[in-house]
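Everything on this sheet refers to the single structure shown next.
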Amino acid sequence: MRRLFRSAHSVRLAVAGLALGVVVACSAGPKGGFDAESALDAGPPPELAAAPGAAGGILDGGGLLNDGTIDAEQSCTPDAGGPGPVRRVCMVATGDECDGKHDLAGFAPNGAGGNGFDDDCDGLVDEGCACPAAGVTKECFLVPASQTLGGVPAGWCAQNARGTVDCVKHTTEFAGTWSGHCRGAQPPFADDFCAKGDFDCDGREQNSRAHDCSCGPGSIQCPTTPLETRPYPAPSQLPLRVDGAAWFQNPAESASAKNWKWSLVGGDCDNVLPHPTFAMYKTPDGTGAPVSQQADTLGLSGKEHGVVAAEPTVTSSFYPAFSLSGDYLVTGEFELFGKHYACTQKIAVRAPGIRAEACWDTEAAGVDLDLHVAKVDGFASCPKKGWSGTCATEDCYYASCYGSSSLSWYPTSASSACQGWGSQTSGACMNPRLDRDANGLSGKCDATVTNPNAPTSTGGNVGGGFCGPENINVDAPADGSKYAVAVKYFGGSGVSRTHVNVYCNGERVLSTGYSPVTGIDFPRLTTAGDDTTGDMWKVTLITAKLTGGVLSCDVKPTASQQPHPALDGNSAYCVDDTALDGPTTTKYLAPGGAAPLNSDAMCFH
């Protein structure tokens, strides 16, 4: 590494709305006119390669030559090595990523269904590419396929650029396509910086094109691995501390940081409900009111809902609390010695087993929908396989496995599985169980209540509590068992738009229905009818698989053959109506009371 002259100052690196500030002991200024988004990290850009004296290295606009060698007069050491570098090749955007023009020799082909990578570097993955069924998800990465080592993103991106993208279907005329939104993922930084880690994800650590990283470490080191926690933590002692002071290479400098601001972005139901289902606290005591405030223009799309908190309420650390599974993104911003810095980190909230959650946009108006999960196999005493009106012990819903219910398919779980911040369970953690119930009939929830942990006088959302989702959990599903999921319009009036997520070991494996972010406006439930009449959305059929004690889930969404335009919108969904499709549509799992052979057999039209 050769230094042509010395200067010491700080720079700000930004990409796709993320920013990270770096102070180096000796560095040159940022390179003028260099577009790192489309650069080849393996070599210099043309305008720099031709600079006098470059000799195959990279000469930046401030006079810094990065040639991987050591000057004899200096004590600097070369930049860190690695298996890379890999080439970041961003293809020209043409409206989608699956027209054949984006396929590169030697890299994962795109084709009609996409390849799970952001090949045109626009912040969307496989947009416009074909997908199998609305609601299914797949793994995705916010890097192009070129920027991988053996098909796996390099460095920081291996975990932090990873997320899940969901399949959407807007009309009956056209097939489903991937939405492009890679939830829980972050793009790589535009360049490396002088701290341990490969932040530009080119396969080499600290090989910055803008700074001589051999002269000393940076003052700020953003976290390189996700945090992990669980839903329903103990309110009096929240287990996870997000600590920005740990990012300072010189701990004494953290006291000089000013204007701290934290933002936390949530999941699908947080965009449907009046308020996010998570919060921030200044201390580990989460029994009081959160210190965070709601924000509705977060995320890469600018449409994500989340919470923010700022100085003086919080400074370098806070304690988050979660009531749902999923991947969350937290960003901490501050100023140090007159420069702005920001670091973003993923928080993986994981619960064991299978979890289904439902939320809808009319809960605050008093509409009462009910989430159902029925176990398809077993129950020899029930000759007809069905929902609550046919075989009560086969169907987990509000009347059978909420509160003090004794319904149990498997051994009871530990109390920590269902008791804690944001939950409504105080008794045993039955397996299965409904750990949140949204009951609009006895007293609708209060859209002005922003604290998911706010107590209610009668339990649940009855009598003005927080407007939250309904969750059904099967903590220890049996290998090979099948579980049917549906949402029933129990009571109230008006059109309700509904979203359902399914998590398997905390990973989002299904995300289907109404979504303000992707623009999906169906399905719609319009007719109430208690447990046995009216509308019922048949969502999916899940098969649990245990391999070496590790759970995976085969999830198949339910589609209709002849969709009801006002209810289904298109054939991606199936809302059975007892007046249109017969009186047994909300009683039986499949026509005639047979066990459904596949997910589509659950639909009666």
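The values are calculated or read from the model by the stated rules, or taken from the named source; none is laboratory data. Because the structure is a prediction, the values reported are computed rather than measured. Cβ coordinates were reconstructed from backbone atoms using ideal geometry, including for glycine residues, and neighbour counts include every protein chain displayed.
Have a look at Ala572, Ala566 and point out the one that is at pLDDT below 95 and not polar (S, T, N, Q).
Ala572
Restricting to the stretch 204-239, give me the number of residues that are modelled with pLDDT of 90 or more and assigned to a loop (DSSP other than H, G, I, E, B).
Residues meeting the conditions: 11.
State all residues of the stretch 574-598 that are surrounded by 24 or more Cβ atoms within 10 Å (Cβ to Cβ), free of Cβ contacts under 8 Å to residues at least 60 places away in the same chain and under 31 Å from the mean Cα position of the chain (by Cα); if no residue qualifies, say none.
Selection gives Cys574, Val575, Asp576.
Answer with yes or no whether Ala175 is in contact (Cβ under 8 Å) with a residue 24 or more places away in the chain, closer than 20 Å to Ser560 by Cα and not polar (S, T, N, Q). Don't jump to the end; show me each part of the working.
On the way: in contact (Cβ under 8 Å) with a residue 24 or more places away in the chain: yes; closer than 20 Å to Ser560 by Cα: yes; not polar (S, T, N, Q): yes.
So Ala175 fits the description; yes.
In the stretch 337-354, what residues are of a type in the set (Val, Ile, Thr) and out of contact with any Pro (no Cβ under 7 Å at 6 or more places or on another chain)? Let's see the steps before the verdict.
At the first step, the residues of the stretch 337-354 found to be of a type in the set (Val, Ile, Thr) are 344, 347, 349, 354.
Within the stretch 337-354, just Thr344 meets the criteria.
Return the residues of the stretch 155-174 that are part of a loop (DSSP other than H, G, I, E, B) and either closer than 22 Å to Arg508 by Cβ or of a type in the set (Phe, Trp, Tyr) (or both); say none if nothing qualifies.
Passing the criteria: Trp156, Ala161, Lys169, His170, Phe174.
From (1) modelled with pLDDT of 85 or more; (2) part of a loop (DSSP other than H, G, I, E, B), pick out the condition that doesn't hold for Pro455.
So the condition that Pro455 fails would be (1).
Of all residues in the stretch 526-549, which are assigned to a strand (DSSP E or B), in contact (Cβ under 8 Å) with a residue 12 or more places away in the chain and not basic (Lys, Arg)?
Asp535, Met536, Trp537, Val539, Thr540, Leu541, Ile542, Thr543, Ala544, Leu546
Filter the stretch 245-269 down to residues that are of a type outside the set (A, V, I, L, M), closer than 30 Å to Pro352 by Cβ and either not in a strand (DSSP E or B) or not assigned by TED's automatic domain parsing to the domain that holds Gly332 (or both), then give me how many there are. Even if it seems obvious, please write down each step before you answer.
We begin by selecting, within the stretch 245-269, every residue of a type outside the set (A, V, I, L, M); these are 247-251, 253-254, 256, 258-263, 266-269.
So of that shortlist, the ones also closer than 30 Å to Pro352 by Cβ come out as 262-263, 266-269.
Okay, now just the ones that are also either not in a strand (DSSP E or B) or not assigned by TED's automatic domain parsing to the domain that holds Gly332 (or both), so 266-269.
The qualifying residues number 4.
Quick test for you: out of Tyr341, Tyr397, pick the one residue that is in the same structural domain as His275 (by TED's automatic domain parsing) and buried (at least 17 other Cβ atoms within 10 Å of the Cβ).
It is Tyr341.
Taking the stretch 498-525 as the search range and keeping residues that are under 17 Å from the mean Cα position of the chain (by Cα) and part of a loop (DSSP other than H, G, I, E, B), which one is modelled with the highest pLDDT?
Tyr514
What are the residues in the stretch 120-151 that are small (Gly, Ala, Ser) and touching a residue at least 12 places away in the same chain (Cβ under 8 Å), if any?
Listed by number, the residues that qualify are Gly123, Gly128, Ala130, Ala133, Ala134, Gly135, Ala145, Ser146, Gly151.
I'd like to check something: does the stretch 422-429 contain any residue that is at pLDDT 90 or above, over 23 Å from Ala544 (Cα atoms) and either touching a strand residue (DSSP E or B) at 6+ places or on another chain (Cβ under 6 Å) or surrounded by 17 or more Cβ atoms within 10 Å (Cβ to Cβ) (or both)?
Checking the stretch 422-429: at least one residue is at pLDDT 90 or above, over 23 Å from Ala544 (Cα atoms) and either touching a strand residue (DSSP E or B) at 6+ places or on another chain (Cβ under 6 Å) or surrounded by 17 or more Cβ atoms within 10 Å (Cβ to Cβ) (or both).
Restricting to the stretch 399-421, name every residue that is at pLDDT 90 or above, more than 24 Å from the chain's Cα centre (by Cα) and either closer than 17 Å to Glu357 by Cβ or in a loop (DSSP other than H, G, I, E, B) (or both).
Trp409, Ala414
Restricting to the stretch 569-598, name every residue that is under 22 Å from Val555 (Cβ atoms) and either outside the structural domain of Asp395 (by TED's automatic domain parsing) or hydrophobic (A, V, I, L, M, F, W, C) (or both).
Scanning the stretch 569-598 gives Ala572, Cys574, Val575, Leu589, Ala590, Ala594, Ala595, Leu597.
Being more than 14 Å from the chain's Cα centre (by Cα) and within 23 Å of Ile520 (Cα to Cα) is the requirement here; does Ala145 meet it? Let's see the steps before the verdict.
On the way: more than 14 Å from the chain's Cα centre (by Cα): yes; within 23 Å of Ile520 (Cα to Cα): no.
So Ala145 fails the test.
For the stretch 499-528: of the residues being small (Gly, Ala, Ser) and in contact with a strand residue (DSSP E or B) (Cβ under 7 Å, 6 or more places away or on another chain), which is nearest to Tyr397 (Cα to Cα)?
Ala528
What's the total number of residues in the stretch 270-304 that are in a loop (DSSP other than H, G, I, E, B) and either under 24 Å from Ala342 (Cα atoms) or charged (D, E, K, R) (or both)?
Total satisfying the criteria: 13.
Is one or more of the residues making up the stretch 331-345 within 30 Å of Ala486 (Cα to Cα) and in contact with an Asp or Glu (Cβ under 8 Å, 6 or more places away or on another chain)?
no
Are there any pairs with C-beta distances below 8 angstrom linking a residue in the stretch 374-400 that is on the phi > 0 side of the Ramachandran plot to a residue that is surrounded by 19 or more Cβ atoms within 10 Å (Cβ to Cβ), with the two at least 6 apart or on different chains, and if so which?
Close Cβ pairs satisfying both conditions: Gly378/Glu394; Gly378/Trp409; Gly378/Ser481; Phe379/Lys385; Phe379/Cys391; Phe379/Glu394.
For Ala559, only one of the following conditions fails: (1) assigned to a strand (DSSP E or B); (2) within 18 Å of Ala484 (Cβ to Cβ); (3) among the hydrophobic types (A, V, I, L, M, F, W, C). What is its number?
(1)
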